[in-house]
Amino acid sequence: MSKNFKLTVQKDHISNLAKATPVIALSELIWNALDADANKVEVFFNDNEQGQTDVIVRDNGTGIEYAKVEKLFGSLGGSWKGQAEKTENGRFLHGKKGQGRFKAFAIGRVVVWKVIYKKDNRFFEYKIECLADNLDDFIVSDEVESDKNYSGVEVSITEINKKSGHITDSNLKKLVSIFALYLIKYSSVIIFLNGEKIELKHFIKNDKIIHLDNIEYNEVNHAVELRILEWNHSQINSKELLFCDSKDFALESYHGRFKGSEFSFSAFLNSSLIENLQADNVLAIPDLEPLKSLVDNTLSTLQTYFFDRRLADCQAELEKWKEDKIYPYENEALNPVEEAERKIFDIVAVNIKRNLPSFDKNDTKGKKFQLRMLKQAIEKNPEDLQSIIEEVLQLSTEKRNQFAELLKETSLTSIISASALVTERLQFISFLETLLFDVEAKKHCKERSQLHKILAENTWVFGDEFSLSVSDQSLTEVLVKHKKMLDDNIVIDAPVTRIDGTRGIIDLMLSKSIHRNPKEGQEHLVVELKAPNVKIGVKELNQIESYAFAIAEDERFRSINTRWNFWIISSDLDELTKRKLKNNADGSLFNVDGITIWVKTWSEVIFENKNRLEFIKNKLEYNIDRESSFARLKEKYAEFTQGIKTSFDKARSE
């Protein structure tokens with residue numbers, strides 16, 4: 001005798017469960033089949049002139065015992081799966097809450113389950129029917145003995161929702177990515193879509209497993225695995241990151257943006273950590289720790305992976321260039337910077353070749369020249385690559401955007417730029433050290449015409465936060481410059497002099513504006529340079545103090561909130577100065593009313609710079625050759641280094 005039963009849950013709650021996209025609805029029906037130990041699931045679609053008429057999902061699972069149907073269909077939650085981890089055949093269970101069956105109504109209005117199950121070595125069958133209009137009302141037919149000798153369930157969905165229930169080819173291909181890991185894990189399982197078996201080898205281009213750093217959460221150390229399935233672009237166009245539990249079941253999707261445009265992939269982040277985060281209801285909040293760190297690490301790993309994939313795609317062309325002896329690199333990369341330069345070159349060069357038909361028309365000499373020019377552009381200024389590419393290639397907007405995305409998404413260009421800056425500065429510090437401390441060089445180095453001029457072009461030595469403001473100007477000019485940065489209405493109608501009435505000359509002035517809040521005003525640094533062979537003594541201290549107090553005593557600036565730092569720098573201090581600074585380990589001579597006077601030695605300045613650059617230097621594995629650095633920079637500053645000789649020169653002449 002047939003029977004009816006009703007769900008004891010509010011209708012609006014059931015209706016919410018029935019909401020889903022067609023692909024999610026289909027996937028839930030397939031998961032139900034797989035959880036019932038089916039090793040074969042078939043999905044069919046029937047159409048006529050008006051569109052899709054019905055969707056059928058058929059499996060060869062264990063079916064549902066007639067005596068249990070009311071318990072299983074008549075309540076939400078409490079599914080038998082909630083107490084079990086695996087099916088009878090040992091496969092991990094996907095569903096736990098018994099809600100997946102309602103997703104079928106996202107496809108159509110009428111859903112019928114035709115069930116065949118085995119009992120006492122005999123097979124029985126019956127039907128369950130439900131309408132979307134009455135989701136709490138299930139009609140179950142009488143069970144009868146079946147003439148079939150197999151078990152399973154066939155779900156038939158009719159009266160397809162015209163707006164949201166239609167199944168498209170892209171929906172079907174999406175199912176491939178949803179079930180890929182399951183099909184890899186359980187090779188005996190077969191899924192057919194409209195008569196065609198899902199053959200993963202036709203869809204998957206690359207399969208890569210990467211072990212990420214473990215993450216501790218709630219005093220438990222969780223292993224993390226990232227599996228990247230790269231799809232054949234013609235088959236599946238997808239970019240997704242899925243948060244999966246340790247059994248490879250997706251629990252949540254990442255909704256952020258992915259960089260890059262030419263790869264189609266599904267990335268599965270698998271960890272028991274994901275299950276913990278879901279249990280704590282924070283899996284959908286990627287800005288919270290530890291999920292934020294996990295996502296950042298994952299996105300960085302994906303970026304590196306696809307950059308390497310681009311390199312792999314370039315290998316055939318690169319090998320051909322090497323055979324033709326037009327590849328501009330001869331030896332192996334010696335450090336991470338050279339390796340970064342080469343990676344950028346390989347990818348950009350091959351993409352240029354592929355997008356520039358005229359490249360292959362050039363003779364060997366022409367190709368070699370173009371590649372060498374590109375190499376130099378990358379080494380000197382990788383940030384200009386985009387403009388170079390636009391001007392030379394004259395590509396379509398789409399292609400230019402792809403190149404722009406390629407250059408943005410890799411950190412290699414910034415590595416090259418940073419390394420170029422650090423390398424240049426390391427070489428300059430070595431050059432300066434030789435200029436100041438080499439026995440021969442310090443005899444010839446002149447303060448005003450040489451040292452001053454060179455440092456004026458490298459004011460970062462005194463701190464990156466300062467920019468060169470005024471060089472070699474009278475104190476009046478200092479205040480004029482100061483005035484412009486504050487208020488042009490301030491009138492300076494007479495030269496500013498030292499307290500003794502004489503005019504002063506500032507060797508170097510650097511200035512910095514502080515914008516944290518208006519009350520903090522301006523900050524300036526005034527640098528007084530001394531020749532390397534001049535020891536700082538009473539005369540020099542009086543000089544820097546007179547500069548400082550001239551500004552402090554100027555009535556036009558007394559009420560302006562300004563901080564002044566005055567430095568006097570030379571290679572050494574006399575005994576009196578050392579005694580004065582004995583109790584001031586930081587080297588400050590005077591610090592009152594916003595004016596600080598510092599006494600610095602070049603060894604201190606150089607040490608501070610080396611200390612700042614040392615960490616990056618070590619990371620880049622870059623070693624400075626002091627002699628070659630001096631020779632290169634001596635040539636660069638030839639205008640200011642005439643007549644300077646070093647111990648290197650002396651040794652060579654001997």
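The values are calculated or read from the model by the stated rules, or taken from the named source; none is laboratory data. The shown structure was predicted, so the numbers you read here are calculated from the model rather than taken from an experiment. So basically every Cβ, Gly included, is an ideal-geometry build from the backbone, and we count neighbours across all protein chains shown.
Data for the structure
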item	result
Which listed residue is modelled with pLDDT under 60, more than 30 Å from Gln522 (Cβ to Cβ) and assigned to a helix (DSSP H, G or I), from Glu383, Glu379	Glu383
Members of the stretch 116-151 that are assigned to a strand (DSSP E or B) and under 18 Å from Asp54 (Cβ atoms)	Lys127, Ile128, Glu129, Cys130, Leu131
Matching entry among Val140, Val115 (being in contact (Cβ under 8 Å) with a residue 24 or more places away in the chain and in contact with a helix residue (DSSP H, G or I) (Cβ under 7 Å, 6 or more places away or on another chain))	Val140
Tally, over the stretch 263-289, of residues that are assigned to a loop (DSSP other than H, G, I, E, B) and more than 27 Å from Glu230 (Cα to Cα)	5
Neighbours by Cβ (under 8 Å, 6+ apart or cross-chain): first from the stretch 425-447, outside any helix (DSSP H, G or I); second at pLDDT 80 or above	Cys445/Leu435; Cys445/Leu436
Count of the stretch 259-314 residues which are in contact (Cβ under 8 Å) with a residue 24 or more places away in the chain and among the β-branched types (Val, Ile, Thr)	4
Spans of strands (runs of 3 or more DSSP E) in the stretch 201-256 with at least 3 residues in contact (Cβ under 8 Å) with a residue 60 or more places away in the chain and under 24 Å from Leu34 (Cβ atoms)	239-244
Hits in the stretch 34-55 (condition: out of contact with any strand residue (DSSP E or B) (no Cβ under 7 Å at 6 or more places or on another chain), of a type in the set (S, T, N, Q) and either surrounded by 16 or more Cβ atoms within 10 Å (Cβ to Cβ) or not in a strand (DSSP E or B) (or both))	Gln50
Leading residue by the ranking (nearest to Phe105 (Cα to Cα)) among those in the stretch 162-209 that are surrounded by fewer than 18 Cβ atoms within 10 Å (Cβ to Cβ) and of a type in the set (Phe, Trp, Tyr)	Phe192
Enumeration of residues in the stretch 77-113 that are at pLDDT below 60 and outside any helix (DSSP H, G or I)	Gly77, Gly78, Ser79, Ala84, Lys96, Lys97, Gly98
